[in-house]
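The values are calculated or read from the model by the stated rules, or taken from the named source; none is laboratory data. Note that the coordinates shown come from a computational prediction; the quantities given were computed from them, not determined experimentally. We place every Cβ from the backbone using ideal geometry, glycine too, and count neighbours over all the protein chains shown. These area figures cover heavy atoms from the full protein model, side chains too; ligands, DNA and RNA do not enter into them. Shrake-Rupley method; radii C 1.70, N 1.55, O 1.52, S 1.80 Å.
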There are 2 protein chains.
Amino acid sequence: MSISILTIGDELIIGQVQDTNSSWIAKEINNAGLEVKKIISISDSEKDIINTLNLCLKESNIIIMTGGLGPTHDDLTKKVLCKFFNDSLVKNEKILDHIIQLFKKRNKVPNELNFHQAYLPKKCKIILNKIGTASGMWFEKNDSHVIALPGVPSEMKMMMENYVIKNLKLLFKPINVINKTINTFGLPETNLVEILEEWMDNLDKKVKLAFLPSYNRVRLRLSISGNNNESIKNIIDYHVKKLYKIIPQYIFGEDQTTIEESISKILIKKKLTISLAESCTGGYLSHLFTKISGSSKFFKGSVIAYNNEIKTNFLNVDPIIIQKYGAVSKRVVNQMAVNSKKIFKTDYSISVSGIAGPESDGTDKPVGLTWAAIATPESCLTYKYKFGKNRVSNIQRTANSIFFELLLHLRNSK
Amino acid sequence: MSISILTIGDELIIGQVQDTNSSWIAKEINNAGLEVKKIISISDSEKDIINTLNLCLKESNIIIMTGGLGPTHDDLTKKVLCKFFNDSLVKNEKILDHIIQLFKKRNKVPNELNFHQAYLPKKCKIILNKIGTASGMWFEKNDSHVIALPGVPSEMKMMMENYVIKNLKLLFKPINVINKTINTFGLPETNLVEILEEWMDNLDKKVKLAFLPSYNRVRLRLSISGNNNESIKNIIDYHVKKLYKIIPQYIFGEDQTTIEESISKILIKKKLTISLAESCTGGYLSHLFTKISGSSKFFKGSVIAYNNEIKTNFLNVDPIIIQKYGAVSKRVVNQMAVNSKKIFKTDYSISVSGIAGPESDGTDKPVGLTWAAIATPESCLTYKYKFGKNRVSNIQRTANSIFFELLLHLRNSK
């Protein structure tokens, strides 16, 4: 049993749209204990779709495809699958009724294109789209399965969760797979390898190890599969425990956990609050905190002081200090953090001021220079960064770096 | 001539990491007038890599692959390509020197793994990695080309821009391709089709049209290719001009332009400024503005008033109003916007307060309810949204919706 994922759309092939569906589908399938062989993206061309289906079915017995089920003329999937499986479209009364009800609920009137979504292939199983008009389709022929889902992520996800995964698990016995990822920050990949050499040499042979570097983070993924779930879990736990003993100060979380989520857990547990005073990161740190469900328990608010006047008026930064040392300076971020902590009445506050780039700020300071500070209940710590001239990468790397410093501080303080 | 893109990594196949490289490469190739046939992701397996190379070379004569060139044991690409092209690794003195210099510049000492990056296949052309240790490799055999690049996006991009695209253009005559995308907001796909029916019927036969819906946005992509660049440009311009006449009030920009970028252009041109008062969107609107290079010309700052106390203390929202109508109410966002405009001394201000979800805010108001306001130089406009229970989607859809209202207002005001 193996699965190929096929996403269809000219927009993918010309790089206009990032294909996020296949990655999400791959994760769900992997979590269900089934295996993805390949992910393929091709254009909206009948010939390419049919060729690729033929090729994929040689390697995999299940193809999950998304896209091309919309109501407009450029959506080809339904037509092509009819041709591929020698099928034809018929009016499906149940789906027609569903479409009418859907529009009624939205106080809208369906048009011809919407109604046409009720014409579906005869031979396949129809997967109901509770929140849209594009039905899913499940074709089966000679023990091969082709499952077509809409490209709209929310619709595709609902069908995968409510129907596809369940039915795949009934058809194929899932294997036990454990993927455990340990997220580290602050050490380059090759230095990690040096420190972990002995640990790597002693890894159980069933464990597959991978290093995933991005910016100053490196994620270590340990993978294992086997028949006995408890025994493979014990193996992973044993090696992870050893890893924590070797590099405790570089680990910020496991699996999908972000640095800010690790911070939020400690803050909530210790009943501490935080506020922010952002200049060059312009709301990004605040956004990272408030993306976390329940962030109101620890996050009180921020001032985005993009303008020097705001730094003075809202955060009481001394204008003479700004004039003397510049807005991007140790003294200014110190005042921003200390004052923001006071004004917001929080236990902690982080401040950032930098030249995000690509343009200079008109001073002789280099593009990319960033100062950040953490006001703690006891003192104020300052940090200087220089990551380069790319604006978005400067914003992201600054956020990761200062959040990691806060995490270390929170872990080490009582 | 056709190109396949091949990305390698278990992390892609299990859905742990989103493959952003292939989409970026596809876009660059398309912009250069060359054609991508297929994008494929596979696991770090020698067998799979060799099988896929063989399959791809039947359809395409150029394969651009990324990933697996790192210094750690799980990186297989160099070894597999040696096998595939019957080649062997030799020490490359030039690259060795480059690695030594690179570490010297960073005040670090290379280790064995770093030095091993200087061992490279004999028969291929080596592509220098100015910012890293993983060299690119260009193999050629029987008029087929296999180009291997590192998976680190910044390193891959630099090699593509400085070497690969240039050399591909020398080898293959690019065709003229124009992709023009018109971004619309506020009309569902099927209604757009109805309104545009006549326009679509009269489209030049060379023009390929696609609808790309996501949330409340629909992007219309017009594609054309041909020998005469001016003639295909005229055809696209003609149809785009007609489109603007039919649906001017729904278009917010072209190609990669975002709603906030269109806003920023008008604000800068009219020398107007804006501030924000965000509650449930928690800094996301500020981040969207400050991502734009040059945003300090129109954006002065924000208060992220996540807590009611902050709404009162920083934005002078009447606590009696909060108590009587709740923080998520028309009156509160009205006060937030009007007061923030005053405090920040800006021409405009946007405020947002809502229950982003998935948890309720403890009142009887439904999860997903969001109020937003735009304080203009003349008055204050308020808007009510309800997008569902997903936190991140609520934040994003609110941002798009209120930004679109501001854009319409700015366009219609003198």
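Out of every Cα pair in region B:271-355, what percent are spaced more than 20 Å from each other? Here the tail beyond 20 Å accounts for 27 percent of pairs. Altogether, the Stokes-Einstein calculation at 25 °C and 0.890 mPa s, with the Kirkwood radius of region A:192-262 over Cα pairs as Rh, returns a diffusion coefficient of 185 µm²/s. Solvent-accessible area lost on pairing A with B (1.4 Å probe, both sides summed) amounts to about 7000 Å². For region B:121-243, the spread of Cα coordinates along the three principal axes comes to 60, 35, 22 Å, biggest extent given first.
Rounded to the nearest 500, what is chain B's calculated 222 nm mean residue ellipticity when only DSSP H runs of at least 4 contribute -39500 (n - 2.57) each, over all residues?
Dividing the helical sum by the residues of chain B leaves -12000 deg cm²/dmol.
Along each principal axis, taking the top coordinate minus the bottom one, the Cα set of the protein assembly as shown gives 70, 67, 60 Å in descending order.
What whole number of Å gives the distance from the Cα centroid of region B:243-259 to the Cα centroid of region B:42-116? If you average the Cα positions of each part, the centres end up 44 Å apart. Amide H contacts under 5 Å for B:Gly253: B:Asn183, restricted to partners 5 or more places along the chain or on a different chain, H placed in the peptide plane at 1.01 Å from N. The 3J(HN,Hα) values that the Karplus relation (6.51, -1.76, 1.60; θ = phi - 60°) gives for region A:329-342 are, in residue order, 8, 4, 5, 5, 5, 4, 5, 4, 5, 4, 6, 5, 4, 5 Hz. Gly and Pro appear as x. Annotation: amide H of A:Asp347 within the under-5 Å range of A:Thr273, A:Ile274, sequence separation 5 or more or interchain, hydrogens built in the peptide plane.
Estimated at the nearest 10 Å², the accessible area of A:Arg217 is 70 Å² with a 1.4 Å probe.
Over the whole of B:187-200, what's the average partner chain Cβ count within 10 Å per residue? Rounded to a whole number, please. Don't skip to the end; give the middle numbers.
Values: counts 0, 4, 6, 12, 4, 1, 8, 3, 0, 1, 1, 0, 0, 2.
Averaged over the peptide's residues, the number is 3.
Residues of region A:69-95 buried by at least 10 Å² of accessible area upon assembly of all protein chains, compared with the chain on its own (1.4 Å probe): A:Pro71, A:Thr72, A:His73, A:Asp74.
Here is the P(r) of region B:125-169: all C-alpha pair distances, binned every 5 Å from 0, give 5, 24, 35, 22, 10, 4, 0 in whole percents. Here the Karplus curve 6.51 cos²θ - 1.76 cosθ + 1.60, taken at θ = phi - 60°, turns the phi angles of region A:296-309 into couplings of 5, 5, 10, 9, 9, x, 9, 10, 8, 9, 6, 10, 4, 4 Hz, with x standing for Gly and Pro. Directionally averaged projected area (region A:146-205, Cα convex hull): 7.8 nm².
Averaged over peptide A:268-276, the number of partner chain Cβ atoms lying within 10 Å of each residue's Cβ comes to 1.
Under a Cβ-Cβ cut-off of 13 Å, what is the net charge of the residues other than A:Trp24 that fall near it, where Lys and Arg count +1 and Asp and Glu count -1? Walk me through the intermediate numbers first.
Details: positive: A:Lys27, A:Lys157; negative: A:Asp19, A:Glu28, A:Glu155, A:Glu161, B:Asp19.
That sum, taken over residues with Cβ under 13 Å, equals -3.
Counting every alpha-carbon pair across region B:3-171, the share separated by more than 18 Å comes to 59%. Couplings 3J(HN,Hα) of region B:289-295, computed from phi: 5, 7, 5, 6, 5, x, 5 Hz, in residue order, whole Hz [Karplus 6.51 cos²θ - 1.76 cosθ + 1.60, θ = phi - 60°; x for Gly and Pro]. Per residue, the convex hull around the alpha carbon atoms of region A:165-319 comes to 178 Å³. Element breakdown for region B:1-135 at a 1.4 angstrom probe: carbon and sulfur atoms account for 51% of the accessible area. Its alpha carbons give chain B an Rg and a Dmax of 26.8, 80 Å. For the peptides B:12-19, B:209-216, residues were scored by their other Cβ atoms within 10 Å and the scores averaged per peptide; the highest-first order is B:12-19, B:209-216. Near A:Val332, once Lys and Arg are set to +1 and Asp and Glu to -1 for all other residues with Cβ below 11 Å from its Cβ, the sum equals +3. Note on the protein assembly as shown: dipole from Cβ charges, positive end direction compared against B:Ala26, B:Gln101, B:Gly388; the farthest Cα belongs to B:Gly388. Taking 0.36 nm per residue of separation and subtracting the current Cα-Cα distance, fully stretching the chain between B:Asn227 and B:Met200 would add 7.4 nm. Can you give me the accessible area per residue for region B:3-171, using a 1.4 Å probe, in Å²? Accessible area per residue: 43 Å². Spatially, region B:309-356 and region A:285-308 are offset by 16 Å when compared through their Cα centroids. Taking all protein chains together and a 1.4 Å probe, the residues A:Arg219, A:Arg331 rank A:Arg331, A:Arg219 from largest to smallest accessible area. Against chain A, whose longest principal axis comes from its Cα atoms, helix A:93-105 is set at around 30 degrees. Per residue of A:4-11, other chain Cβ atoms within 10 Å of the residue Cβ number 3 on average.
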